[in-house]
Each structure stands twice: as structure tokens, then as C-alpha cells.
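One structure is given below, encoded as C-alpha cells.
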Amino acid sequence: MKDFLFGFIGKPTKATSFIILSLLLLGTLSTFAQEEAAGPTVADAIFTANNIWMLVATFLVFIMHLGFASLESGLTRAKNTTNILFKNVSIISIGLLTYAIVGFNLMYPGEFSIGQFFGFAGFGIASPEGAAGLIEYADGGYTYWTDFIFQAMFAATAATIVSGAVAERIKISSFLVFSTIFVGIVYTVAGSWKWGGGWLDAMGFYDFAGSTLVHSVGGWGALVGAIILGPRLGKYMRSGLKPIPGHSLPLAAIGMFLLWFGWYGFNGGSVLSADPELISLVFVTTSLAAAAGVMGAMMLSWIVFKKPDLSMILNGALAGLVGITAGADVMTPMSSVIIGFIAGLLVVGSVIFFDKIAKIDDPVGAISVHLVCGIWGTLAVGIFAAEFSFTTQLIGVVAYGVFTVICALILFFGIKYTMGLRVSEEEELMGLDLGEHGMMAYPDFQQIAEAGGSTMSMPSENVEY
Amino acid sequence: MKDFLFGFIGKPTKATSFIILSLLLLGTLSTFAQEEAAGPTVADAIFTANNIWMLVATFLVFIMHLGFASLESGLTRAKNTTNILFKNVSIISIGLLTYAIVGFNLMYPGEFSIGQFFGFAGFGIASPEGAAGLIEYADGGYTYWTDFIFQAMFAATAATIVSGAVAERIKISSFLVFSTIFVGIVYTVAGSWKWGGGWLDAMGFYDFAGSTLVHSVGGWGALVGAIILGPRLGKYMRSGLKPIPGHSLPLAAIGMFLLWFGWYGFNGGSVLSADPELISLVFVTTSLAAAAGVMGAMMLSWIVFKKPDLSMILNGALAGLVGITAGADVMTPMSSVIIGFIAGLLVVGSVIFFDKIAKIDDPVGAISVHLVCGIWGTLAVGIFAAEFSFTTQLIGVVAYGVFTVICALILFFGIKYTMGLRVSEEEELMGLDLGEHGMMAYPDFQQIAEAGGSTMSMPSENVEY
Amino acid sequence: MKDFLFGFIGKPTKATSFIILSLLLLGTLSTFAQEEAAGPTVADAIFTANNIWMLVATFLVFIMHLGFASLESGLTRAKNTTNILFKNVSIISIGLLTYAIVGFNLMYPGEFSIGQFFGFAGFGIASPEGAAGLIEYADGGYTYWTDFIFQAMFAATAATIVSGAVAERIKISSFLVFSTIFVGIVYTVAGSWKWGGGWLDAMGFYDFAGSTLVHSVGGWGALVGAIILGPRLGKYMRSGLKPIPGHSLPLAAIGMFLLWFGWYGFNGGSVLSADPELISLVFVTTSLAAAAGVMGAMMLSWIVFKKPDLSMILNGALAGLVGITAGADVMTPMSSVIIGFIAGLLVVGSVIFFDKIAKIDDPVGAISVHLVCGIWGTLAVGIFAAEFSFTTQLIGVVAYGVFTVICALILFFGIKYTMGLRVSEEEELMGLDLGEHGMMAYPDFQQIAEAGGSTMSMPSENVEY
């Protein structure tokens, strides 16, 4: 009855209209008299609302990919902008397609074939009900298609995080190969351990929306990539560290705001229903953690650098968001402020550590934001939410770290010794936009620069690395 | 009473409405008599959900206008940016107002006065219930106001498509006159043939969200405009074709992402309810077609140009989106991947064809994206969805082509021989920003350019066209 | 019954809530008692839908902060862009946190301790139900957390408006102190007079979504700030007024579009439920007023300046939006067109007045958009909506003006004579980006400029002010 009605609400063809109308007549007269099962039920109405919410969350997560593209290109140099945009447009597309082909069924295998570590439900996506390409109602209070597309939007995120750390020096073709495997297999198999009902889920590990499953997985990939690639030319000179500022802070700020905006879907949709209590609590904790992350980063960076640092507060907001993601549905507002504030402090310390002490060159701070704060957020669940075990949270963090690092090492070294990983020195100096794509991002301004005697698109950096 | 009714009515024709209403009245009376005025009903709840969904779709379609503005200005030169932004802000405003004054009642006339080709329900909008300016529940499971505003957001799109193809050389006042008539009358009368219940609807022609009604209508206008205006100065020289790259690829990428984002409302809202099965299927097909469009365009352009081409994959995403629009609610995921992939191939081939062979100068590729892929998407419905006839789809495509081309010819020639269509050579060289608006888009950087001896704002192109 | 209920979903006072809840309980019991009361009820479904709508509105209002950041940085000079972005990222963070700490309980005190002018319900936020940090269903048809976060997003807006008017010369630390107090205390206490159920509410003053409570409050702060700070160096020279154009019109246009986009949440959410009649009417009036604002500003500015002026139509759209905000739920479409059109005329006249006659330097036109049109919109409610008194509307406007001006004077003078308000002349010439933050917004292009002999980042303006 429910199926009949929902089909009907759609857009009936003329052909079916008469039949439907007749049925409706009958149904209305006979059913409503005793008033049961007469039309859509309360459950249908709530199902409809849940499904709306999940699709709203889906398009919000989608726009995070523009957020990543803007943030990453804003924080790097003009000569590599086309390259970065190309990567980010590609990643979302590759992510959606690989998720349709293998990812969804690796992450939610239903049954695990290798212990609770690995399962696969077959290639492609298809509604369990099958017929006519339509769907059955999934367990979560929304449709099978909604289930797929919401998760698919998440999938590409992990690879995008890596993108930022390896920016301005990785070969585009190599990165595309890495991304395809990382997003299609590594992320999804790892994800199955918790969200697919695998061994970590069985242990009681908790990661609401992916501080670990998405952000630290991406962050570990970013760390491995940045180490294997080495720093950008000109970054670490004999004379000391040379900061390489991003070419457009408005673009970076647009990126941060869009990420925060999209995070309402990332966390809000992870409730997996429109449960009023939970989704509104999640909005509050997410907002306050981001705001507190800004304040934490502002205070520490102002103290350390003696100046209010815009790039640090942008990363502070993201740090707070990553930090709250593991427990956004179980924290009080006050806990979320504390978690966000500490994340804001952590990201500043971590950026300084990787930049100055570890000398790992991460152009956008992806490792500090996603790995460090992803770990923090996951552990914070074990600290602030009494119902979860710190030890289990730690086991989860370590397990994801070990698995992802091993996979990333295999992938990056495999690519390095086959197709090569890094562009040539000449190309890096010239910029990847001309080298890889033959297309400047700002030709009117970059050509001018040359006309005016500048060397922006071919900086004669004194490379001593 | 009324509330109960509309919750589950799709979109019946006027003809059937009376019958349905009567039947429902009977059914309802018998049911609600004993529990009348008990509070909101299930139908109210579903009505509320549907209405929310349609308004969400409305604001998503709205933001597509920022997408168009960004894409078009990013793909053209800095010296014409103010002009392009001015056009795009104007178009959405003109579109909303003309749709309120005449458009809505031309597109949904209720009764047709000239066969099934033309109808008009009077000037202005007003709730059928009238009193206090408030509304009655419309047939479609949402309010009259929602019906109007969702459709109004669509209306301006067709004119915006034209804008891209005639950019960098059309007079602003002439374009505004063209847009007003194109969006107020041409688009709406054409639209009435299908969505208003006209002759093509009666024939069984199918165009879910407007591959033909919106995109190819805009695309035909773009084609006519680009031909009548002729190419930009300096584009086709005796020495051969000179590519004119866009001045800001980040702006273009922002435009593409926002269009994709908004397309979830464009297609998602065209379900005309929040039917869970349909809206979630539409999200899947729309996403996969866009992703496949990127891959198709990437592969073909990489083969042809030997380089990964960013502007091509941006257009590839849009091509996939335009392609799936006609059948987003009736395709399987696999069909949507195929349709999107072919659209991605088509757009690359088409851009090359118009640029190098036909020598029709279309600065942003609007004709290739919207006309070519709009036709492809409409025909694809006849190929991939067994319930629709390829022949009927073809008839629809041709009918819209003939009508729109004739109207566009009349409009463009009428304007050309009265107020003039194209700016002067001096103005075109100087840029329309200074010529038409007296206002540079990037004064800090463009002034510098001049200080540095550059000539960006007044390029001394060797014009040989 | 339905009307009663939908009215109820609006925002009843605490006083009426108990009665309504009791009635509802009775109604529900009597109706649903004979069905099994086991699962969710119709009221739950509508509650879920309302809550979804309010959270959608929340994220839309959030993205307005990116709109403000983009608009303000686009309309000012490149050398101050980092500073402006820093301010805008800070304001949303400070706004959310102060609103959680004191703001929410100042604005909705429940009981007033000083007449109906001031009340405070204690520090921090906590669900009335308390246990486990979760919530009870609030009176308004959505959760307590939703109530908080929607209002919190509004709070920071008022301070952001001030930001635009004092841009390019205010010290960052001083502005942050001002904002914290303005958004945490001034805005919230003023807001309590109407939205918190204070004396103006009792008088019948009407301000649906904040033409006065948000926009004119921000606008008065902007006016006072701009006067106390004085104009930017080089603006008013002995030789006459020197226009200082914004450095990026695409950024400004992105800002306007995002503000319009977010306004669907600002006004749509102010219905405080998903009432289909009201939220769809609000979408129509909001859209038409913005479009009419564009047309009004276009016509007048074209007549006055003889050129189509982009920055004026951007402000025209915002003017229309501010103008309709006070009465978006009570206007007919035609009235909203008239109100928006007049707002568009007003903003052009006002910008000219403040710039040329009053010689108050407001870099982005914030005073004209938010103060002038905020007043117009509030009075328009008394003109166009028969049920409201013009006199009462005027009293409200004046009361908010007097209160805000006094508070702003105290704040700005207090800061001026303690920490100082304005940067040094050297810093202002160099730009606040280098002076305050040590970080250029566009280093690749600004460095080039210097290489090319330009002086953008240190303009040698002939300062005669």
C-alpha cells in the first residue's frame, strides 16, 4: 500500500493516471471509512522527512569539494592553481564512480568474508528490490539510493585531504591513480571495520562522522605522501626555512567557510535520520567547536607570532570541526567548546612542528588539521563521553593508522617506481599549470607580470634543498 | 479537509482535478466526520515535507545564477568582468519580475487559446484563494507560491545561457532588452507546450527537468546570437585561430561546482514532490552523470590535446548534467553513467567543431554544453527508457529548435537594426568594463598593470578579422 | 483547528504555551487513543519537518557570513583584504560563543527584571530537560538546540554590518573588542524588546525578521563608527572627493549572491516553523523585493551616472532584501515589489548623500543598505500592512536608534580613549594586511606589482585630508 502510494505521488504517466485514480477512489472510500492504512501513514511522513534531511546533507557534503578546492588553491601559489583545481574536480568524479563500482559494496558488505576485516558485496549498485531500477526502503529510514549517494559524497573526501599535502609537486597522472585506489579500496575497506559493522564496531569503537574514518585516514595518507615526495623546491634552504605564502587568501577563506557550511551536512547527515533531538544537538556542537577552534588558534598564534594570523584561524575553524566530528552527537555544548578550543591550539602547534621541526612540507596544513585533530577528536570521545572507552578509541586510532600508512606506502612507492611521483625540477619551478596542463589560471594577470618584467610564472628561486 | 486532499495528489490536469476532488471529498467526509479538527493530519505532514523540499530546490536553483556568473566571468577576459557580472545580476532580477508579470501565466495558462500552442492566464500572480494575499494549496502537493517561485527561478536560466555565448561584445542595453523578451515570452510559451500541458505533452514527449525546455532553448538562442554578432575581435586572424583564455580558472571552477550543487535542486525539485524513491534516484543519476561527464571529457581531451585540460572537464561536468536532465527520474544508475560519459565526449568534440571548423565564437562553450548536450539528453530518453518514443523525442527537439531559432532571429535582428547589437571596435578592445560601465573589475591589479607598462586593459591586438 | 495549530507552531509566549500544550494533549489523546499510541504521531512528523526547516535556515544564515566577508573584501582595496577576512571569520566565532555564554539568555530572558527592558536567564545554554545534555521539545515546534543555533547565527550579523563601514582603518584588536560587546550585549538586549517579548512587542511593534532588530541596529553602529573614525586617508582631498574603488568585483558579486541565498534562511527561518503558506509566501516576497531592488537601483543610477553601475545594483539587491525583511510574511507580491523598488532607489540616493554631501566615508555602503533601508522596511510594514500601526513602527525605529547610538558611542569612545581605534597613518597607507597581520592577501600578484614598479601595497597617495 505504501509502495503504491509513494509511486503515485511521483509523476504518473497519463496511462496509469486513470487506474490510480480509480484505485484511489476505492481506497479512499473503503479505507478511510474505518481509517486504517488509508493513505500515507505517519511512518511515511517521517520517512519522507528523514529522506529529505539525508539528501540535504548530501548536497552539503558535495559542496565541501568546492571548499577543499578553494582552500587548497588559495593556500598555494598562482602557478599551480589550474593543477589543483583539476585534481579536485577529478577526485569528486572518480570518488563517485569508484564508489558506485566497488566502494559501496566494500564498505557495507553485509557479510564479511575475511573475519570482520574484509567483505565485498559485488560490483555495481542496484536496489535490493531491483525491479524497474527502483528501490526498497533501507533500514535507516531513507532509501537505498540516498544511502549510496550520501556515503559516496564522503568517499572522495579522504583523497582530497591527501591532495593538499602533496600539492605543487606531484604528477597529475600519478595522483589520479593514487586517488582512485585510495578512495575506492583503502578508505572503503578501512571504513567497513566500523561503519560496515566490522571488528572495531564490534569492539565498541565510536566515530560518529569520521574524525578517524575520514579525516585521520586522509591525514595518514597525506603524511606518507608529503614525506615520500619531500618538500617543495625552495622551501628548506641552507639559509633556513622560506615560507611560501598562498596566492589568494580570499579563495582560502571561501574554502574554509564552504567547508564549515558543508560540515553541517557531514555531521548532520551522519545522524542517519532527521531525529530532531540529535540533528539539532549536532548543529550546536559542530558550530561551537568550530568557533572555539578559531579562538584557540587565534590566541595561540597571536601569542607566538605576535600578529593575528589569518591562515591560522582558518585552520583553527577546520581543526575544531575535525575535532568534534567523532563525537558531535554525544557531546554537551560545553564539551564541544573545550574540544574545539584544544583542537585550535593543537593545529597551531602542529603546523609549527611539521614546518619547523619535522621539516615535512605540507602546503595547506592538511596533516595538522585532519590527522592531528582527527586523532584528538577520536580520543576526546573516550575522555568526554562516559559511555565510551578511551582504550578502545586508542585502539581504533592505531589500527587505522597502521593500516592506512601501510597501504599508502605501498601505493606511493608503487607509483614512484613505475610511473614516477614527482614532476621535474624545471616543471616545478615553472609551475604545474604550464608544465602539466599548458594552461595558466590567471593568464591576464600572469602575462602582464611577464610584460612588466616579473618572473612569477617562472620564479628563479635559489634552490638549495 | 483541503489539507488532507493535497498531500497525496501528484499533479493532475485541470480536467481530472474536479473528479478527484469530489471523490476525495466523499472519502474524507466519511473519515474525518468522527474525528474532525483533531489537529494536523498525515496529509498535512507530507504536504509540509513536500513544500520544504520544493523550497530547498528553489534556493538551490537560485544559486545556479551565481554559478553562471562565476563560470562566465572566469572563462572570459578580466576587462569584461564587470559587464558579465552586471548581466547576470540583471538577468535573475528581470527573470523573476517578468515571470511574475506575464511568464507564469504564459507557461501554465490552464487553458490554451490558440490550439495547444499558446495560452495566457492574465497578468500578475495571485493566490487562487485571494483573500489576505495568502494562498491555497496548489495541486502539486505544495503551495501556489512555491509553485510560482520554483518555476520563476528556472525562467531566467535560459537567458543566462545565451549570455555566455554573446559575451565580450554585446551591448549591455541590447542584451537586457533581448533577455527580457526571451525569458518573459519565448521561453515561457515554448515551455507551455510541455510543462503547461500543451501539444507536446499530449504527444507523450518527455523532458523531466528541461534538457530541451531550458537548456536547448537557451542553447539555440546562444547559437543564433553568436552567429549574428560574429566572433570577438582578434579571435580569427589571417594567421589562424587565436585562443582567448579565460582570466580566472578558480572563478570558473567555483562556477562549475555551484552549478552542479544547484542542479540537485534543478533536477531534485522537478520531481515536484519529496517522493523518497524519486528524489533519491534523481540525486544518484544526476551525480553519476556529472562524474561520468568529467571522465568522458578528460579522456577525450587528454587524447586530443595530449594534456589534461581543466576547462574541458569543467564543461564535461556540465555536459553530463545537461545530458541527464531530461531523464533523471527514469534512468538506472548505469544508464546515467553512459549518458553522462557520452555527453562528456560530445562536449569536447563540439567545442572543437564550433571553434575550429564552424568558426562560431562561443567564449564559454555554452552552445556545446547546453544545446548539443541538451539535444543528446532529450534523445537519450527515447533510447534508454523503453516507455518513451525516440521519434516523439526527436519531434520535440526539432519543434523547440525551429521555434526558438525563429524567435531569436527576430529578436536579435530587430535589436540590431534599431538599437544596435555590438559595441564599437574601440570599446571592445578597451573592454566593456570601461566602455559600458566605466568601472574596472580589478582596479588595484589592472592599474598596476598599466603602471608596469602592460596593456591588459587596452590590448593592442592585431585585429585582422 | 488547522489554523489554530499552525498559528501555534509560530511562536507563542510562555504564557500561552501551557494552555496550547494542554489542548493539544487533549486533542491528541482523544484522536489517537483509539489507534495504538505506540509509534511516532502526526505531531512528531510535523515537528520533525519544522525542525528540518529551521536547521536548513540555520545553515543558510551561516553562509551569509561568507557573503558579508566576500562583499566587504571585494568592495575595498587589495591591501586590506586579509584584515577584512580576519574580521569576518572572527565575528562569526565570537558571535556564536558570546551568544552561548550570555546572548541567548539576554535576548530570550523569559522574565524581565527591569521592566520590559532588560532580562537575563543566566549564563550558558542548557536544555530545560537537562539530563544527558539532551533536549526537550521547545515551544516553537522545534528543539531547544535549534532555537539557540538559529538565533545565534543571526546574532553576529549586526556586528558584521558595522565591519563594512569601519573597514580599511580600524585597529583589529579594537574591532574585536567592540564586536564582542556589541553582539553579546547591545544587540541581544535590544532584541529582547521585541523578539524576547519585551515592551515593543507588547506595544504591537512588528519586525518579522529584523529590518530594525538586525539591520538598523547594525546600521546605527556602522554610522557611529564611520563618523568617529573619520574617512579613509585620501578619500576627501582638497581637490575634491576621490572614489576608492573595490579591488575585486567578482568577489563583491559572490558576496551579494550568497547574501541573497542566505536570506532565504534569514527570512524563511523567521517563520519559526515550516508552515507551508507562510514560508512559501516569504520566499516570493523576498525574491521579488530583491529583484525590484536591483531594478530600482539600476534605473536611478543609470539616470544619475549615465552608466549601468554594478556596485549600485549589488547594493540594490541587498537594499530590497533589507527592505522586505520587516514584513516578508505579511506582504502581497505586489507590495513587496514596490517596497523593494523604493529600497533600490533609496540606496542609490543614500550612497550619494553620505558620500558627497554628508562626507561620511562608508567603504561598502553599509549605512545606506542596512540603516536606511532597514528603517524604510520597518515603516513600510505600517504603510502596506493594514493590521500594523505606522506610529508604533516609527516608535520602534526611533527607540532602537536612540539605544544603539548611545551604546555605540559609549563603546567606540571607550575604546578610542583606552586602546585606540584607528591604525597609524603609515599603516593605513601600507595597508592593514601588512601592518596588522604581516600577510598579504595576494602575495604572488602584489609582489609582482612591486617588481613591476608599482606601488599598490604602499600607495603614495597624496594625502590631504
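Along the range C:109-122, what does the Karplus equation 6.51 cos²θ - 1.76 cosθ + 1.60 (θ = phi - 60°) give for ³J(HN,Hα), rounded to whole Hz, x for Gly and Pro?
Here the 3J(HN,Hα) series is x, x, 10, 9, 8, 10, x, 10, 9, 8, x, 8, 9, x Hz.
Work out the charge dipole of the range B:60-416 with +1 on the Cβ of Lys and Arg and -1 on the Cβ of Asp and Glu about the Cα centre, then indicate which of B:VAL398, B:SER280, B:THR146 is farthest towards its positive end.
B:VAL398
Starting from the amide H of A:ARG422, placed 1.01 Å from N in the peptide plane, find each other amide H under 5 Å away whose residue is 5 or more places distant or on another chain.
A:LYS171
Along Cα→Cβ at 7 Å, what distances in nm separate the A:GLY204 label point from those on the other copies, shortest first?
Label-point separations across copies, in nm and ascending: 6.3, 6.3.
Quick check on the exposure proxy: order B:THR378, B:THR391 from fewest to most C-beta atoms within 10 angstrom.
Working: B:THR378 30, B:THR391 11.
Listing B:THR378, B:THR391 from fewest to most nearby Cβ atoms yields B:THR391, B:THR378.
In whole Å, how far is the Cα centre of the range B:269-335 from that of the range A:321-398?
36 Å
Could you tell me the center-to-center distance, by alpha carbons, between the range C:72-124 and the range B:44-68 in angstrom?
If we compute the Cα centre of each part, the gap is 29 Å.
Check B:PHE118: other-chain or 5+ apart residues with amide H under 5 Å from its amide H, H built from backbone geometry?
B:SER113
If contacts are Cα pairs under 8 angstrom and at least 6 residues apart, what is the relative contact order of the range C:49-416 in percent? It would help to have the intermediate numbers written out before the result.
Numbers: 745 pairs, mean separation 86.7, N = 368.
Here the relative contact order equals 24 percent.
Using Cβ counts within 10 Å as a stand-in for footprinting exposure, how do C:LYS307, A:LYS356 rank, fewest first? Display every interim value, and only then the final one.
Details: C:LYS307 15, A:LYS356 11.
Listed from fewest to most nearby Cβ atoms, that is A:LYS356, C:LYS307.
Relative contact order for the range A:165-285 using alpha-carbon pairs under 8 Å, separation at least 6, rounded to a whole percent? Don't skip to the answer; put the middle values down first.
Values: 49 pairs, mean separation 28.6, N = 121.
Taking the mean separation of contacting Cα pairs over the length of the range A:165-285, I get 24 percent.
Using a label position 7 Å from Cα in the Cα→Cβ direction, what is the ascending list of nm distances from C:ILE395 to the same site in the other copies?
The projected label point of C:ILE395 is separated from its counterparts by 6.8, 6.8 nm.
Which semi-axis lengths, in whole Å and largest first, follow from the square roots of five times the eigenvalues of the Cα gyration tensor of the range C:49-416? Walk me through the intermediate numbers first.
Working: eigenvalues 189, 111, 72 Å².
Working from the Cα gyration tensor, I get semi-axes of 31, 24, 19 Å.
Kindly put B:GLU427, A:GLU436 in sequence by how many other C-beta atoms sit within 10 Å of each C-beta, fewest to most.
Values: B:GLU427 15, A:GLU436 21.
By the 10 Å Cβ count, ascending: B:GLU427, A:GLU436.
Counting only residues 5 or more places away or on other chains, whose amide H sits under 5 Å from the amide H of B:MET237 once H atoms are built in the peptide plane?
B:LYS242
Rule-based calculations on the coordinates, nothing more; no lab input. Computed from a prediction, not measured in an experiment: that's the story for all the values here. Virtual Cβ from ideal backbone geometry, glycine too; neighbours counted across all protein chains shown.
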